[in-house]
Amino acid sequence: MTVTLLQTDICWAQTEENIRRATALMGDQPGSDLYVLPEMWSTGFATQPEGIAHPESDNPALRWMLQTAREQRCAICGSLAVHLPDGTFRNRHYFADGRAGTLSYYDKHHLFAYGGEDRYYTPGSRHTIVSYAGFRLLLLTCYDLRFPCWSRYASDCDYDAIVIVANWPQSRQSAWHILTRARAVENQCYLVGVNRVGDDAYSHYVGASVAVDPIGRTLAQCPTGCVDALTVTLDLAELQRRRHKFRVLDDRDRW
């Protein structure tokens, strides 16, 4: 499966401009199976979503994801700040499968209390694993990366790759580097992590979006500090070979 990491600079609360930028980046890397955008890629990390988050039923960024995925016969994922009919806000990681014509989503479970996200958003309570191009993909969002129990490969949570989208600031970049590799190694899976670049009112972001293999090696990494689109191939047969040869998961803890 070919995966393109879309490391974008997000314009604050300017959805149409962010759609334009995502479209241009995708055009630089045509023909990929999956395109991955950062967390809240259409608005920036809006911890106070009132007036910024769109209703899910009328969200231009979500419409663009669905239409573009369908037209290009690919999948597109990334999270959006959305307002639901029940009045709640969600940091919702969407997976638009243009081949099957389906839409899946994961609501961020670990809300970033340090930044006040938990005061305005409702957390998700379940995992989402998407089957696509022969892979089982676990969807995660930013702060989730710090909680290994939530992403633990287990009998009720079996997957081949983690796809995590983020607004991860430069001030904590060393943690991003370490934890993306740790989650891949401990779960013997691929990990694709896509982070933004640029600035908002709270933080500076340098990206370092990355694809990691099951033994923690970096397959590809976007350069720090600049907009970039980078394509990498994930080999399912190689993953299965490694899991069969070195059977770490057989000895995992079962809670």
- Query: Largest first, how would ARG70, ARG196, ARG247, ARG21 line up by accessible area (1.4 Å probe)?
  - Reply: ARG70, ARG247, ARG21, ARG196
- For the chain, with only Lys/Arg (+1) and Asp/Glu (-1) charged at the beta-carbon, what is the dipole magnitude about the Cα centre, in debye rounded to 20? 700
- Phi angles of segment 5-11, converted by Karplus (6.51 cos²θ - 1.76 cosθ + 1.60, θ = phi - 60°) into ³J(HN,Hα) in whole Hz with x for Gly and Pro, give 8, 9, 8, 9, 9, 8, 7
- Note on the structure: So for R0 = 22 Å, FRET eff. of ASP251-ARG146 from the Cβ-Cβ r, to 0.05, ends up at 0.40
- Message: Leaving ligands and nucleic acids out of the surface, order TRP255, TRP12 by accessible area at 1.4 Å, largest first.
- Response: TRP255, TRP12
- Query: In square nanometres, what is one fourth of the surface area of the convex hull spanned by the alpha carbons of the chain?
  - Reply: 12.6
- Item | Rounded to 10°, Cα long-axis angle of helix 173-187 versus longest principal axis of the chain | 40
- Query: In degrees from 0 to 90, rounded to the nearest 10, what is the angle of the helix 236-245 Cα long axis to the longest principal axis of the chain?
  - Reply: 40
- Note on the structure: For SER57 the rounded accessible area (nearest 10 Å², probe 1.4 Å, non-protein molecules ignored) is 110
- Task: Arrange the residues SER104, SER79 by how much accessible surface each exposes, largest first, with a 1.4 angstrom probe.
- Result: SER104, SER79
- Message: For a Förster distance of 22 Å, can you work out the FRET efficiency between the beta-carbons of HIS204 and SER174, rounded to the nearest 0.05?
- Response: 0.90
- Task: Go ahead and run the numbers for FRET between ASP9 and GLN67, Cβ-Cβ distance against an R0 of 30 Å, rounding to 0.05.
- Result: 0.85
- Message: Suppose the chain between ASP158 and ILE215 were pulled fully straight at 0.36 nm per residue; how much longer would it get relative to their current alpha carbon spacing?
- Response: 18.8 nm
- Dipole of segment 173-255, positive direction: furthest Cα of VAL212, ASN195, LEU230, with charges on the beta-carbon: VAL212
- Item | Dipole magnitude of segment 125-255, debye to nearest 20 (Cβ charges: Lys/Arg +1, Asp/Glu -1, about Cα centre) | 300
- Message: What does the extension gain come out to for ALA24 and THR224, with contour length at 0.36 nm per residue minus their alpha carbon separation?
- Response: 70.1 nm
- Query: Where the only charges are on Cβ atoms (+1 Lys, Arg; -1 Asp, Glu), what is the dipole of segment 31-109 about its Cα centre, to the nearest 20 debye?
  - Reply: 200
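The values are calculated or read from the model by the stated rules, or taken from the named source; none is laboratory data. Remember, it's a predicted structure, so these values are computed and weren't measured experimentally. When we count neighbours, we look across all protein chains shown, and the Cβ atoms used for this are built from the backbone with ideal geometry, even at glycine. These accessible areas exclude ligands, DNA and RNA; they are computed on the full protein's heavy atoms, side chains included. Shrake-Rupley method; radii C 1.70, N 1.55, O 1.52, S 1.80 Å.
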